[in-house]
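The structure appears below as structure tokens.
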Amino acid sequence: MPRAVYVLAAGIFAMVTSEFVVAGLMPQMADGLGVGVPQIGYLITAFAVAMAAGGPFLTVAVLKLRPKNALMALFAIFLAGNVLAALAPHYGVMLAARIVTGIASQAFFGVAVSLCVQLTRPEVRGRAIAVTMNGLMLGTLLGLPLATVVGERFGWRAAFWVISGITVLAAFATLAGVPRLRPAEGGGGFREEAAAFRNPRLWLVLSTSTLIIGATFSAFSYFNPLLTEVTGFAAGTVPLLLIGYGAATVIGNTVVGRLADRHTVGVQLVGLTLNFLFLAGFAVFAHLAVPAVLLMLGIGLVGVTMNPAMVTRVQRTANARPLVNTVHSSFITLGVTVGSSVGGLTIDSVGLRGPLWLGAGLAVIGIGTLIPDLLRGRSRTSDGVRQPARAQGRS
């Protein structure tokens, strides 16, 4: 595996740590900025909306640059946003900082994944994408707790300074460890990049990613109240359980990465089916400690860990260039937004188990979006049996 793939993961680690830091420091930031906790919650929403809506436009702006130069430009914008957040004198400046970092983060994801594909051989690309995406998993497992501890002990501004430091280190690692490649073959201008979106099948594939992530985040967003108010764990135990969940995502991401190249659609089918069972089981047995924990870990194994298979499927449907990857990330962010926001609405009508049932429903719909590809794969297999000389497509 090229060293540069691991360097790209370090950049994504910095981005994800910044994305989640607000969630761990809400009371402190509310006091420091003189606003209520709900207003701090809007900073999370602003980051997500900026990622989904602004990321593709920033990606278009850097399309003509060499990938390494594009990454360095995005590091600079992201660093400026985090420094602005650390120095923010009032809420308005903090809101602007979160928008800047959200846009830069999404564009970085798109360019990094595209570069990862350029750096690796076709037969190991799924595994390489999994290594890069481990930056996301480790950002949840290690980055968020680190930023939270720093913020609690030294003030919330210190957390943003630490993230700025991590960003600088990742940028220097990128300078040293990523080769200077040309833009992806066949890419370039906006028209060439945007042509991929004329394919109707791509939109169905993108919707699968939204549903996979939506199903997972409808549960993940409410693990804390579920585990304390329904299962009965003490508040101090929940962070340890979430670390276990994060460890499960790292394991699952590694396994999926090894299978994504040869069994792209099959991995997603198995993942969505298992996630449905885990989510529905959690909803039924949430009041029992051992089943609840095991089912939560199961969601970690088969939820966001579908990323390597999701990315591989999108790239095979369209291409592996930055704009497609960034728009795909926007659809993933949409899943986060839908899962967390609609999940919250279900609590009012169904109770804290409502988000779990919502997630199970989204998983079923996600399985439905795989049916055309499953039927196409079966048809190709049949053609291969009748005409052995023809190449068989990958599922």
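A few remarks follow.
- Dimensionless Rg/Rh of the stretch 283-331 - Kirkwood Rh, Rg from C-alpha atoms: 1.26
- Average projection area in nm² (convex hull over Cα atoms of the stretch 242-322, one quarter of hull surface): 5.8 nm²
- For the chain, calculated [θ]222 nm from helices alone, where every DSSP H run of n ≥ 4 adds -39500 (n - 2.57): -27000 deg cm²/dmol
- Sequence-separation-based contact order of the chain, relative, with Cα cut under 8 Å and 6+ spacing, percent: 24 percent
- Other residues within the sphere of radius under 14 Å centred on the Cβ of Gly366, judged by their own Cβ, net out at 0 (K and R +1, D and E -1).
- For the stretch 313-353, accessible area per residue (1.4 Å probe, heavy atoms of protein chains only), Å²: 37 Å²
- Across all directions, the shadow cast by the convex hull of the chain built on its C-alpha atoms averages 18.9 square nanometres.
- Highest to lowest packing among 336-347, 192-203, 299-310, scored as the average C-beta count within 10 Å: 299-310, 336-347, 192-203
- A protection proxy built from the mean count of other Cβ atoms within 10 Å ranks the segments 151-160, 127-136, most packed first, as 127-136, 151-160.
- Each listed q (0.15, 0.16, 0.21 Å⁻¹) maps to a log10 I(q)/I(0) for the stretch 1-156, found by the Debye formula over equal Cα scatterers with no solvent: -0.78, -0.87, -1.31.
- Per residue accessible area of the stretch 193-275, 1.4 Å probe, in Å²: 39 Å²
- Whole-Hz couplings from phi, Karplus 6.51/-1.76/1.60, listed for the stretch 107-124; x for Gly and Pro: 5, 4, 4, x, 5, 5, 5, 4, 5, 4, 5, 5, 7, 10, 6, x, 6, 10
- Carbon plus sulfur fraction of accessible area for the stretch 292-382, probe 1.4 Å, in percent: 70 percent
- Dimensions (Å) - the stretch 247-387, Cα atoms, principal axes, largest first: 55, 33, 28
The values are calculated or read from the model by the stated rules, or taken from the named source; none is laboratory data. Owing to the predicted nature of the structure, the values given are computational and were not obtained by experimental measurement. With ideal geometry, Cβ positions are generated from the backbone for all residues, glycine too; neighbour counts draw on all protein chains shown. Note: accessible area is taken over every heavy atom of the protein model, side chains too, but ligands, DNA and RNA are not part of it. Shrake-Rupley method; radii C 1.70, N 1.55, O 1.52, S 1.80 Å.
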